[in-house]
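Everything on this sheet refers to the single structure shown next.
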Amino acid sequence: MSKKIIKLAVLVPAALGALALAGVLIFNATRHFIVEHNEALVHSVAQSILPALLVNDTQQVDAVLKALENYPGIESAELVSAQGASIASYARSGNVLDPMSASFELASANDDPNQMHVMAPITFDSLIVANLHIGVNLWPTYLRIITWLGILLIVPSVIYVLIKQLRIKVRFERVAADDDADRGGSSFDVAHAVNAAMQDADLSIDYQPIQRMSDDGVFGMEVVVCWRHPSGQTLHVSPSDFVGMAEKNKICLPFDDWLLRSACTQAVAWQHQYGPLILAINITEAQFKEPSFAQKIRDVCRDTQYPHQLLELEVNESVVATNPKKAAAHIAAFAEQGLSVTIDRFGLSAHSQALLEVLPVHKVKIDGKLVQRLNNDAQVKEWVNATIQHALAHDVQVMTDGLDFGWQQAELQSMGCILGQGAYFYSPMTAVAFESLLSKRSFRVTRMPNLREAPSDSGEYSAA
């Protein structure tokens, strides 16, 4: 027998015994408290009855006894004169207490230790005027106490589960008092705290190449947030997911402005040396619906001198699918500013094809999850092909994400995809690595093909 089993064989009975002993002690303590409480209640009621007895006010006596129904566990009451005559009575269940047959001792004289009989004499000038007999059932009080204990135990558990499931963050901020300046203190600087947090998180921007299917030329790049965690892991997160996590956790970051300006500034430098390249940035639902966000992007493009016509804003299909008509209005607002919107993670919904009837978009990106299932799921392959053909019929360009193998590229290119990205081409890379890639490749400046025709190239551009 292993030491672990022996240890469990000793500890488990000991723990169960300790719990049982603790339960018995708590139960007895609770019962003792309830008994004392009811004895005090009986004597209090007896004192309130005395003034009514002195003036022979039987209605007031009946009212006092009737009020006992508000107390849990009081089953019956009987007011008996000193001569043994019944003056008034009360019974919750219809069974009036018989004082003559009831034992005046507490639990020890009863069959049920949780049924008790209490008698309190009503005296005036040391003379007994009457005796008040009350029968009490302790179980209703037990149940009430158990219910409240259960609530006190359940509520913290529910709060804990909500915090875990909803990822609620509880934060405390120190706000300087008015006299902090006199003591050399300073108020909480949000901008400084944000910058420190971003530096601590070691955030940077990586770029994933977007390839042309026809000749594997570099068409552009998608911006990806590179998060180097203190644990040593490196995570690549789309900007919309990263900003979405910040918004969900109520963290106010000037992240979108920093990302846009940094990416556009870098893209301008590459454009001057290697020619025009598309810059794709995934935006959040809040940014997509914000009326002033399009103008903000135009301002960033103007300040960095990056052509806004080359900027593609990617928004997830789940964002536009909830209300396609409103989404169409938002897309039209971006178009008025000369900005293009691409539907990202496209094709997962049964209504994906119907969205193309409403949304004025020029490009969709097939979700990588569908690409991974092309080889082993005939229905998925048929759905992807039908979705691509439906998009082409509406003059919508189709690109794909998640390309890991050459056969996936060949399959999707035969269906009509003209652009792709994924590990088969390149994983997200740093700006230095991406520039090295650009310097080694030859670029063909192509006219975007008519989507109803086969892709064709015209002209050629060589990197310096």
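Considering every residue within the stretch 18-28, establish whether at least one is modelled with pLDDT under 80 and either in contact with a Leu (Cβ under 9 Å, 6 or more places away or on another chain) or open to solvent by less than 50 Å² (accessible area, probe 1.4 Å) (or both). Taking every residue of the stretch 18-28 in turn, at least one turns out to be modelled with pLDDT under 80 and either in contact with a Leu (Cβ under 9 Å, 6 or more places away or on another chain) or open to solvent by less than 50 Å² (accessible area, probe 1.4 Å) (or both). Of all residue pairs spaced 6 or more apart or on separate chains, those with beta-carbon atoms under 7 Å, a first member in the stretch 33-53 that is more than 14 Å from VAL129 (Cα to Cα) and a second member that is surrounded by 13 or more Cβ atoms within 10 Å (Cβ to Cβ) and β-branched (Val, Ile, Thr) are ILE34/THR141; ASN38/VAL118; ASN38/VAL136; GLU39/VAL118; VAL42/VAL118; VAL42/ILE134; VAL45/VAL64. Screening TYR306 on (1) part of a helix (DSSP H, G or I); (2) more than 31 Å from the chain's Cα centre (by Cα); (3) not basic (Lys, Arg) shows it passes everything except condition (1).
Using the structure shown, decide if GLN379 is at pLDDT below 95 and touching a Ser or Thr at 6+ places or on another chain (Cβ under 9 Å). The answer is no for GLN379. All of (1) open to solvent by 70 Å² or more (accessible area, probe 1.4 Å); (2) outside any strand (DSSP E or B); (3) of a type in the set (Val, Ile, Thr) hold for ILE128 with one exception: (2).
Is it true that ILE122 is open to solvent by less than 50 Å² (accessible area, probe 1.4 Å), at pLDDT 80 or above, among the β-branched types (Val, Ile, Thr) and under 29 Å from ALA52 (Cα atoms)? Considered against the rule, which asks whether it is open to solvent by less than 50 Å² (accessible area, probe 1.4 Å), at pLDDT 80 or above, among the β-branched types (Val, Ile, Thr) and under 29 Å from ALA52 (Cα atoms), ILE122 comes out as yes. Of the residues making up the stretch 278-296, those that are within 20 Å of VAL225 (Cβ to Cβ) and either among the β-branched types (Val, Ile, Thr) or open to solvent by less than 10 Å² (accessible area, probe 1.4 Å) (or both) number 9.
Beta carbons closer than 7 Å, at least 6 apart along the sequence or on distinct chains, pair a first residue in the stretch 346-369 that is on the phi > 0 side of the Ramachandran plot with a second that is at pLDDT 90 or above for GLY347/ILE366; GLY347/ASP367; GLY347/LEU370; GLY347/VAL384; GLY347/THR387. Selection of the stretch 419-434 for residues being in contact (Cβ under 8 Å) with a residue 40 or more places away in the chain and open to solvent by 20 Å² or more (accessible area, probe 1.4 Å) yields PHE425, TYR426, SER427, PRO428, MET429, THR430, ALA431.
The values are calculated or read from the model by the stated rules, or taken from the named source; none is laboratory data. Bear in mind the structure is a predicted one, so any value in this text is a computation, not a measurement. Ideal geometry is used to build each Cβ from the backbone, glycine not excepted, and the neighbour counts take in all protein chains shown. Note: accessible area is taken over every heavy atom of the protein model, side chains too, but ligands, DNA and RNA are not part of it. Shrake-Rupley method; radii C 1.70, N 1.55, O 1.52, S 1.80 Å.
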